[in-house]
């Protein structure tokens, strides 16, 4: 079973809710801190960002492509570097997370970013869908001894089994697999939430933590994922969906995020026991309506 900062995450445990800040901060530290605060206030268990070393993970052919940004037209590689935080800024974010009482870690897009996350002593490593076929990155992540959470967007079932085999190359990892559709936003007709139940009963996967990373508009599918057995849920959070940025439209504003977490906790209570039983609260109605 997965453990993050000593907390057990898996079957029969409360759903672990990750608020994905991603790059919705647009390189502004104050915005990132506001997102973290909003995540904590909404009841999220963790707040996460994306960590890239642009010179390593951006294809060289894309470097000089011009992109329109709030800071004017610039090369794509310059834009990617513009929205990355440095070590001092990450230290401030880590300190804020400790004060807020929320787990804080990142998705790593390349080896230097993984090394950075380990240097910052982050409690878990997230591997994004775009990098779930980077076998060396997966191997190094598992070798770190940290819990490793892998999103499985853009993958077939055979691909997912390959991911598990790669993670198991050095023994039994602390591993979570998040079912995911990597469209932004994802169509509700392509979410295939029943995959979660399938994985919970698939021999090669059932011993690992199974979750859901959603990029759809709306909250109902995330609640459906929990009802089907997702033990981790991840949704993007934004201060305002009208803000500039590629992920804003598929993100959830603070009020909606709080509503989602509240409904997840209510749903967990409603799921209750696995065995049908007669509750004490029903005995009065039973006596009145059945006479016994």
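Between 178, 219, 114, the Gaussian network model of the chain with springs among Cα atoms under 10 angstrom shows the greatest mean-square fluctuation at 219. Neighbour counts of C-beta atoms inside 10 Å place 290, 52 in the sequence 290, 52, starting with the fewest. What residue among 61, 270, 176 has the largest mean-square fluctuation in a Gaussian network model of the chain, using Cα springs under 10 Å? Looking only at 61, 270, 176, the biggest GNM fluctuation is shown by 61. For the residues 71, 63, 135, a GNM of the chain with alpha-carbon springs under 10 Å puts the largest fluctuation on 71.
Taking 10 °C and 1.306 mPa s as the conditions, I'd like the Stokes-Einstein D for the stretch 1-129 in µm²/s, using the Kirkwood hydrodynamic radius from alpha carbon pairs. Don't skip to the answer; put the middle values down first.
On the way: Rh = 15.7 Å.
It diffuses with D of about 101 µm²/s by this estimate.
Among the DSSP beta bridges whose two residues both lie in the chain, what percent are antiparallel, rounded to the nearest 5? Within the chain, antiparallel bridges account for around 15 percent of the total. Over all distinct Cα pairs, what is the inverse of the mean 1/r for the chain, reported as the Kirkwood hydrodynamic radius in Å? Across the chain, the inverse of the average 1/r is 20.0 Å. Working from Cα pairs under 8 Å separated by at least six residues, relative contact order for the chain is 20 percent.
Relative to the longest principal axis of the Cα atoms of the chain, helix 29-42 runs at roughly 0 degrees. To the nearest ten degrees, helix 87-100 and the longest principal axis of the Cα atoms of the chain are 20 degrees apart.
Of 237, 149, 102, the sequence from fewest to most neighbouring Cβ atoms within 10 angstrom is 102, 237, 149. Between the Cα long axis of helix 157-167 and the first principal axis of the chain there is an angle of about 70°, rounded to the nearest 10. In plain terms, the residue of 239, 278 with the fewest other Cβ atoms within 10 Å comes first and the most crowded comes last, giving 278, 239.
Calculated [222 nm] ellipticity per residue, helices only, for the chain: -11000 deg cm²/dmol; basis is -39500 (n - 2.57) per DSSP H run with n ≥ 4, divided by all residues, nearest 500.
Just so you know, all these numbers are worked out from the coordinates, no wet-lab data involved. It should be emphasised that the depicted structure is a prediction, and the values quoted were computed from it without experimental measurement. With ideal geometry, Cβ positions are generated from the backbone for all residues, glycine too; neighbour counts draw on all protein chains shown.
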